[in-house]
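Every read-out reported here was derived from the displayed coordinates using simple, explicitly stated rules and does not represent laboratory data. Bear in mind the structure is a predicted one, so any value in this text is a computation, not a measurement. Ideal geometry is used to build each Cβ from the backbone, glycine not excepted, and the neighbour counts take in all protein chains shown.
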Amino acid sequence: MSNHAIGGDARVAVLVDCDNTTPDILEYGLSIVAQFGRLVLRRGYGNHATLANKWQDALVRLAFTPCLQYQYAAGKNTADIALALDALEAMFDSRADTFCLVTSDSDFAHLCRKLRERGATVHIVGEAKTPDALRNASDQFFEWLPAESPAEPVDAAKPTPAAASKPVAKRRPKAVINAVMLLAADTPDGRVGLGALGQYMKRTDPGFTAKTYGHTALSEMVRAYPELALTQENGGFWVSLKAKAGTTTA
């Protein structure tokens, strides 16, 4: 049987490494995977101490099946093995063709590669500490940022710090220009669709987002480059390299 869903509606499995992350990430992960298809598997893996304490409320409220794994020996994490085996089983049984692993543990990088080799799509939802080995093993990486803790009461005798946080500096990575040069070189009009550019950037860097570089959207980011031109035509946006001063076109 094919590993791909019929009719373009992907079957999504969300598998959570509860021993290695926080329950606060769960709702963010669900909001991310909602765009990919129908959620058919929701499972959270961990030992008794993890699932019985901080994770219990979140798993019950969000309709996850808790997968309790006892430690047979000190220092042995059986939950990771159970998660990996369940993922492979779901793929081979054609119950899921898209996987979202909620973890920051690079031990799952090999699982990601195996799933993708078999044609599955793999997304990772993790924290800022997630190693590059895991980020780059996925089709797309989504970084969860914890909400800021409530401000402490201000002592009237102490000076009040600035309330506004420092905005992220707007940056223009050269990788975007290189991508446009590469993709547009094979087109007759020397330009590439904005959506295709975004997909390419995600494939080369699963953690790529315009917001990471201080921009609200990829279109705004492209406009910030003096070397690039963004045009709208037939309901779509196109990106091309600007002609250098002094050059003429035939």
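Using the Karplus relation 6.51 cos²θ - 1.76 cosθ + 1.60 with θ = phi - 60°, the per-residue 3J(HN,Hα) values for the range 133-147 come to 4, 7, 4, 7, 7, 9, 6, 7, 10, 10, 8, 8, 10, x, 5 Hz, with x marking Gly and Pro.
Applying a DSSP loop filter and a limit of 11 other Cβ atoms within 10 Å to the chymotrypsin sites (Phe, Trp or Tyr not before Pro) in the range 48-140 leaves Tyr70, Tyr72. This ranking places Ser138, Ser106 by how few other beta-carbon atoms lie within 10 Å of each, fewest first, which gives Ser106, Ser138. Cβ crowding within 10 Å ranks His215, His110 as His110, His215, fewest other Cβ atoms first.
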